[in-house]
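Asker: My questions will all concern the structure given below.
The values are calculated or read from the model by the stated rules, or taken from the named source; none is laboratory data. Computed from a predicted structure; not experimentally measured. Cβ: placed from backbone, ideal geometry, glycine included. Neighbour counts: every protein chain shown. Areas reflect the complete protein model, heavy atoms only, side chains present, ligands, DNA and RNA absent. Shrake-Rupley method; radii C 1.70, N 1.55, O 1.52, S 1.80 Å.
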Number of protein chains: 2
Amino acid sequence: MNYQEAKDSFINTWGSLGTLWGINKAMAQIHALLFISPEPLSMEDIMEELHISRGNTSMNLRQLIDWGIVYKTSVAGERKEFFKSEKDVQELARTVARERSRREIQPTLKVLKDVCSIEDDGSVKTKELIKKTKELYELASTADAILNRIASQESNWVTKTLMKLVK
Amino acid sequence: MNYQEAKDSFINTWGSLGTLWGINKAMAQIHALLFISPEPLSMEDIMEELHISRGNTSMNLRQLIDWGIVYKTSVAGERKEFFKSEKDVQELARTVARERSRREIQPTLKVLKDVCSIEDDGSVKTKELIKKTKELYELASTADAILNRIASQESNWVTKTLMKLVK
DNA sequence: TTTAACTTTCAATAATTTTTGAAAGTTTAG
DNA sequence: CTAAACTTTCAAAAATTATTGAAAGTTAAA
């Protein structure tokens, strides 16, 4: 496997993985490209490398910036804008943890809390609904606590702590 | 909020959450419905409750069974098949952990391993590709180890261990 | 200013994913 | 066996999501 093959393979894999954690393919591919690029890239560069349109590139870059894992940057003597990604994998993991907690788990917790707090009318089905959503609430709370812990720690806490668990 | 509202709210929320971890809405909704139902349900029951077609119900039930979180069951004196979900949240978490590792992380690890093993031709961009994919490989390996640990433990290990972490 | 370089927006289009429903398949009672 | 009850399959249709590209918007050099 040469450089170009390896690069394409990485960008593709990262692209399809993205859809699984809720960001779309183009967005994940742009991130992948920037992540392995030693230099910041312009919009033209990205469009050309990934064969996607200007509009698509612009919109997805914006989302990556919203997520906080891509930054705008300027290059001396150049009029146009350049983009670079967060290069620290630990920081990347922390950002993802933070955003997933905020976007997914917390709204779910809110609903689960409301649902498991309905009045118990004594029927079997109501009891079951309350019981099961309460259990899910506990589980989701634990998951959320972990994500927030990960999100708030210094750079290598994740690996160190998780490694202890794995032993 | 009465029983019906709470139930709909739960099914909807669980349905949209599903799309985020890679299973589709109908599949997640069927799971939600079975999860809070005190009795096994027939295909008719599910179709009627969720307003989805017979074909859709059949296909999604099959997938849930493949995932290992829904079981076929029979009801005395009834010809047709009934379905019930795994009721233990810990077991549910373990199944999800196992399946996510198998379906997503392990294939990714394989690609990352290949990519970061390309020959270093000395160029800056090759060095960067190798370095960054190696870092991602470590991170993903750690995540995978955790998931497998979760997937292989007895019922309440997850909560207990995670709780230690959170303290 | 003005104008060229560049970016964003968004309606239209394309691609993908989900859903349907009816035909084919399977199972079991009689 | 046959027929009725039930389930699965899958091509077509619908719904959803992603992408394009050109017009509108912005910025900064001159």
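Asker: Does the range A:66-74 include one or more residues that are open to solvent by less than 60 Å² (accessible area, probe 1.4 Å) and in contact with a Lys or Arg (Cβ under 6 Å, 6 or more places away or on another chain)? Even if it seems obvious, please write down each step before you answer.
Answerer: From the range A:66-74, those open to solvent by less than 60 Å² (accessible area, probe 1.4 Å) are A:67-70, A:73; that's our starting set.
Now restrict to residues that are in contact with a Lys or Arg (Cβ under 6 Å, 6 or more places away or on another chain): A:73.
Yes, the range A:66-74 contains at least one residue that is open to solvent by less than 60 Å² (accessible area, probe 1.4 Å) and in contact with a Lys or Arg (Cβ under 6 Å, 6 or more places away or on another chain).
Asker: So B:GLU5 fits all but one of (1) open to solvent by 30 Å² or more (accessible area, probe 1.4 Å); (2) away from every other protein chain (no Cβ under 13 Å); what number is the exception?
Answerer: Failed condition: (2).
Asker: Here's something else I'd like to know. Confirm whether B:LYS80 is open to solvent by 10 Å² or more (accessible area, probe 1.4 Å), within 14 Å of another protein chain (Cβ to nearest Cβ) and over 13 Å from the mean Cα position of the chain (by Cα). Let's see the steps before the verdict.
Answerer: Working: open to solvent by 10 Å² or more (accessible area, probe 1.4 Å): yes; within 14 Å of another protein chain (Cβ to nearest Cβ): no; over 13 Å from the mean Cα position of the chain (by Cα): yes.
For B:LYS80, the condition - open to solvent by 10 Å² or more (accessible area, probe 1.4 Å), within 14 Å of another protein chain (Cβ to nearest Cβ) and over 13 Å from the mean Cα position of the chain (by Cα) - is not met.
Asker: Collect the residues in the range B:11-36 that are open to solvent by 20 Å² or more (accessible area, probe 1.4 Å) and in contact (Cβ under 8 Å) with a residue 40 or more places away in the chain, keeping them in residue-number order.
Answerer: B:TRP21, B:GLY22
Asker: Okay, moving on. Which residues, counting only those in the range A:129-144, are out of contact with any Cys (no Cβ under 7 Å at 6 or more places or on another chain), open to solvent by 30 Å² or more (accessible area, probe 1.4 Å) and not polar (S, T, N, Q)? Step through it out loud before you land on a result.
Answerer: Pass one, the range A:129-144, residues out of contact with any Cys (no Cβ under 7 Å at 6 or more places or on another chain): A:129, A:131-132, A:135-136, A:138-144.
Applying the additional criterion that residues be open to solvent by 30 Å² or more (accessible area, probe 1.4 Å) yields A:131, A:135, A:138-139, A:141, A:143.
Within the range A:129-144, A:LYS131, A:GLU135, A:GLU138, A:LEU139, A:ALA143 meet the criteria.
Asker: Okay, next question. Select the helices (runs of 4 or more DSSP H) contained entirely in the range A:1-80, then report the ones holding at least 2 residues which are of a type in the set (Asp, Glu) and touching a Leu at 6+ places or on another chain (Cβ under 9 Å).
Answerer: On the way: elements: A:3-20, A:25-36, A:43-50, A:54-67.
Once the helices (runs of 4 or more DSSP H) in the range A:1-80 are filtered for at least 2 residues that are of a type in the set (Asp, Glu) and touching a Leu at 6+ places or on another chain (Cβ under 9 Å), what remains is A:43-50.
Asker: In addition: Being at negative phi, in contact with a Phe, Trp or Tyr (Cβ under 6 Å, 6 or more places away or on another chain) and modelled with pLDDT of 95 or more: is that true of B:THR73 here? Step through it out loud before you land on a result.
Answerer: On the way: at negative phi: yes; in contact with a Phe, Trp or Tyr (Cβ under 6 Å, 6 or more places away or on another chain): yes; modelled with pLDDT of 95 or more: yes.
Taking the combined requirement at face value, the residue satisfies it.
Asker: Among A:ASP120, A:ASP8, A:ASP88, A:ASP114, which is among the acidic types (Asp, Glu), away from DNA strand D (no atom under 15 Å from the Cβ) and touching a residue at least 60 places away in the same chain (Cβ under 8 Å)? Break it down stepwise before answering.
Answerer: Details: A:ASP120 fails: touching a residue at least 60 places away in the same chain (Cβ under 8 Å); A:ASP8 fails: touching a residue at least 60 places away in the same chain (Cβ under 8 Å); A:ASP114 fails: touching a residue at least 60 places away in the same chain (Cβ under 8 Å).
Just a single option satisfies the conditions, and that option is A:ASP88.
Asker: Right, B:SER9: more than 14 Å from DNA strand C (Cβ to nearest atom) and out of contact with any strand residue (DSSP E or B) (no Cβ under 9 Å at 6 or more places or on another chain) or not?
Answerer: Considered against the rule, which asks whether it is more than 14 Å from DNA strand C (Cβ to nearest atom) and out of contact with any strand residue (DSSP E or B) (no Cβ under 9 Å at 6 or more places or on another chain), B:SER9 comes out as yes.
Asker: Name the helices (runs of 4 or more DSSP H) wholly inside the range A:83-162 in which the number of residues that are modelled with pLDDT under 85 and within 9 Å of another protein chain (Cβ to nearest Cβ) is 1 or more.
Answerer: Values: elements: A:89-100, A:106-116, A:124-152.
Where helices (runs of 4 or more DSSP H) fall fully within the range A:83-162 and carry at least 1 residues being modelled with pLDDT under 85 and within 9 Å of another protein chain (Cβ to nearest Cβ), they are A:124-152.
Asker: Could you identify the single residue in B:LEU92, B:LEU112, B:LEU64 that is out of contact with any Pro (no Cβ under 8 Å at 6 or more places or on another chain), away from DNA strand C (no atom under 12 Å from the Cβ) and over 30 Å from A:LEU129 (Cα atoms)?
Answerer: Answer to the check: B:LEU112.
Asker: Still on this model: Take the range B:47-58 and flag every residue that is within 11 Å of DNA strand C (Cβ to nearest atom) and surrounded by 15 or more Cβ atoms within 10 Å (Cβ to Cβ).
Answerer: Those that are within 11 Å of DNA strand C (Cβ to nearest atom) and surrounded by 15 or more Cβ atoms within 10 Å (Cβ to Cβ): B:MET47, B:LEU50, B:ILE52, B:ASN56, B:THR57.
Asker: Would you pick out the residues in the range A:87-115 that are surrounded by 19 or more Cβ atoms within 10 Å (Cβ to Cβ) and touching a Lys or Arg at 6+ places or on another chain (Cβ under 9 Å)?
Answerer: A:VAL89, A:ALA97, A:LEU112, A:VAL115, listed by residue number.
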